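The values are calculated or read from the model by the stated rules, or taken from the named source; none is laboratory data. Since this is a predicted model, take the numbers as computed values, not measurements. Cβ atoms come from the backbone with ideal geometry, glycine included; neighbour counts cover every protein chain shown.
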Amino acid sequence: MGIRFDSVTVAYDGNVVLDSLDLTVEPGEVMALLGPSGSGKTTALRAVAGFVRPVSGRVLLGGRDVTDLPPYRRGIGMVVQSYALFPHMRVDENVAFGLRARRTSKAQTRQRVAESLELTGMAAYARRHPRELSGGQQQRVAIARALAIRPDVLLLDEPLSALDARLRSGMLAELARLHRELPDMSMLYVTHDQVEALTLADRIAVMDRARLQACGTPQELYRAPGDAFTASFVGGANLLPVTVGSGGVEFAGRALKADTGDAAAGARATLCVRPHLVGLGDGPNRLAGVVREIQWRGATHRLYVEVDGHSVTADVRELRDPPRHGDAVSLHFAPDDAVLLPAGVSHG
């Protein structure tokens with residue numbers, strides 16, 4: 001079952017928190033809503049769930065207009081950041097809650113609870129209470145409860161934000177496995193974490209200031225972002241203010257080679273270069289600067305280099321003798337690794 005937002009606007013006391021959202025989630029697709037706090041992504045999810053009502057526009061599930069339907073009649077599953085498990089109930093009772101609310105028979109309830117716990121790897125914990133589980137295990141129970149009703153649509157609102165890095169990585173793998181095992185179920189996944197979105201989603205909808213900024217596959221948004229905000233929020237980027245010239249651009253008085261497409265000569269623009277594509281030493285599109293900060297990140301060193309008043313970031317691998325703060329260095333990047341964007345800076 002797919003999801004469609006048809007010009008959905010949500011406002012509280014006249015303050016627009018979701019502005020004319022047009023977006024379609026295809027059946028069986030994982031769509032991540034990615035953006036900073038206050039961008040409108042959770043409001044969009046709550047509009048699908050039925051917890052908020054749009055002031056205009058329609059929400060459709062599988063082509064059916066559900067804008068005016070209460071949450072319990074929409075046939076969706078939902079997982080929230082806080083897990084929302086009932087502390088006085090055992091794991092199996094928590095998972096059965098939605099089924100009992102729908103007056104599912106006892107025999108079918110037992111079967112679906114067992115299937116959902118098996119699917120999430122929690123069958124051995126059925127008789128325990130939430131307080132006896134780790135955070136990651138509690139999140140698995142919350143997912144099992146959402147899956148037990150066999151929803152066509154699963155909504156996940158920042159489901160991993162309360163977990164540590166190791167558990168988060170493991171749960172991402174589990175969610176990806178669930179998607180493979182339940183290919184017909186659509187997922188709408190709200191997150192501010194770009195790694196989660198890049199790892200899990202078939203497509204990413206980038207939100208900012210209550211509006212949809214961009215939508216595409218992770219590869220599309222990473223390799224060819226359409227604007228500075230998307231470039232900075234999906235993967236991180238160097239955003240260099242440039243002027244379009246003949247066969248390239250000018251940055252801080254330097255001529256750089258880049259594909260300018262049909263941009264007019266003399267136009268102001270932004271050149272996007274990913275930090276891992278910036279090398280240390282001489283090469284094409286050479287930039288001379290001074291190291292202002294260096295961070296060791298295990299497999300890489302991250303260099304922050306000041307180039308004529310502009311900060312350029314480079315993620316460089318295997319530096320046995322890294323430069324120090326204040327050292328003069330040269331950076332470079334290949335012309336094909338730069339993307340020309342409209343003028344402007346990220347407001348993220």
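Within the stretch 97-114, residues that are closer than 19 Å to Val79 by Cβ sit with their Cβ atoms under 6 Å from residues that are assigned to a loop (DSSP other than H, G, I, E, B), at 6+ positions apart or across chains, in these pairs: Gly98/Ile149. Only one of (1) of a type in the set (D, E, K, R); (2) surrounded by fewer than 13 Cβ atoms within 10 Å (Cβ to Cβ); (3) without any contact (Cβ under 8 Å) to a residue 60 or more places away in the chain is not met by Asp336, so which one is it? If we test Asp336 against (1) of a type in the set (D, E, K, R); (2) surrounded by fewer than 13 Cβ atoms within 10 Å (Cβ to Cβ); (3) without any contact (Cβ under 8 Å) to a residue 60 or more places away in the chain, just (3) comes out false. If you go through the stretch 116-137 and keep only what is surrounded by fewer than 23 Cβ atoms within 10 Å (Cβ to Cβ) and either not in a loop (DSSP other than H, G, I, E, B) or not assigned by TED's automatic domain parsing to the domain that holds Arg177 (or both), you end up with Glu118, Leu119, Ala123, Ala124, Tyr125, Pro130, Arg131, Glu132, Gly135, Gly136, Gln137. Among the residues making up the stretch 67-85, those that are surrounded by fewer than 14 Cβ atoms within 10 Å (Cβ to Cβ) and either within 19 Å of Arg150 (Cβ to Cβ) or modelled with pLDDT of 90 or more (or both) are Asp68, Pro70, Tyr72, Arg73.
Every condition in (1) in contact with a strand residue (DSSP E or B) (Cβ under 6 Å, 6 or more places away or on another chain); (2) not in a helix (DSSP H, G or I) holds for Ile143 except the one numbered (2). Give me the strands (runs of 3 or more DSSP E) completely within the stretch 165-268, filtered to those with at least 2 residues that are farther than 19 Å from Leu21 by Cβ, ordered by residue number. By residue number, 238-244, 248-251, 254-257.
The set of residues from the stretch 143-170 being among the aliphatic types (A, V, I, L, M) and under 25 Å from Gly38 (Cβ atoms) comprises Val153, Leu154, Leu155, Leu156, Leu160, Ala162, Leu163, Ala165.
When the stretch 75-102 is limited to residues that are charged (D, E, K, R) and not in a loop (DSSP other than H, G, I, E, B), the one that is nearest to Ala44 (Cα to Cα) turns out to be Arg100. Scan the stretch 304-319 and tell me whether some residue there is in the same structural domain as Gly253 (by TED's automatic domain parsing), at pLDDT below 90 and either over 21 Å from Tyr222 (Cα atoms) or not basic (Lys, Arg) (or both). Yes.
The rows are residues; the columns are (1) in contact (Cβ under 8 Å) with a residue 60 or more places away in the chain; (2) part of a helix (DSSP H, G or I).
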residue: Ala11; (1), (2): no, no
residue: Thr24; (1), (2): no, no
residue: Pro27; (1), (2): yes, no
residue: Ala44; (1), (2): yes, yes
residue: Pro54; (1), (2): no, no
residue: Gly57; (1), (2): no, no
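If you go through the stretch 306-321 and keep only what is more than 28 Å from the chain's Cα centre (by Cα) and buried (at least 16 other Cβ atoms within 10 Å of the Cβ), you end up with just Val307. Filtered by the rule that a residue be over 21 Å from Tyr125 (Cα atoms) and of a type in the set (D, E, K, R), the stretch 50-97 gives Arg53, Arg58, Arg64, Asp65, Asp68, Arg73, Arg74. Against the list (1) surrounded by fewer than 21 Cβ atoms within 10 Å (Cβ to Cβ); (2) in contact (Cβ under 8 Å) with a residue 12 or more places away in the chain, the condition Arg64 fails is (2). I'd like the residue in the stretch 147-161 that is more than 16 Å from the chain's Cα centre (by Cα) and part of a loop (DSSP other than H, G, I, E, B) and, out of all such residues, is modelled with the highest pLDDT. Filtering first and then ranking leaves Asp152.
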